[in-house]
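The values are calculated or read from the model by the stated rules, or taken from the named source; none is laboratory data. Keep in mind the model is a prediction, meaning the values are calculated, not measured. For neighbour counting, all protein chains shown are included, and Cβ atoms are generated from backbone atoms with ideal geometry for every residue, glycine included.
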Amino acid sequence: MKMIIMIIKDNEADALTQALTSAEYRVTRVASTGGFLRSGFVTLLLGVDDDRVDGAIDLVRSKLKPSTGTEKRATLFVIPVERFEQV
């Protein structure tokens, strides 16, 4: 299992969250700020089985608006999960 941490612009979060949940990914959304003007960002947390990681990343690439110039559309971290529990 992997944890995918995605940092995206807040104006794209709703559409991406809906697309991920429609594809049966479970998503936790956390509001966050950062960058030069402290503009709004959203951090999405996904616990994903190893065989679905590439599918989740492909979905993100297909749903985000094209970037202009050197602007990045998202920052993603894929982290191994050693243990997972729901209590």
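Results, tabulated for the structure shown:
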| read-out | value |
| --- | --- |
| Residue within segment 71-79 that is modelled with pLDDT of 90 or more and among the acidic types (D, E) present | no |
| Contacts under 6 angstrom Cβ, first residue in segment 5-26 being within 18 Å of D54 (Cβ to Cβ), partner of a type in the set (D, E) and surrounded by 11 or more Cβ atoms within 10 Å (Cβ to Cβ), 6 or more apart | none |
| Qualifying residues in segment 20-48 (those that are at pLDDT 95 or above and more than 11 Å from the chain's Cα centre (by Cα)) - the one surrounded by the most Cβ atoms within 10 Å (Cβ to Cβ) | V48 |
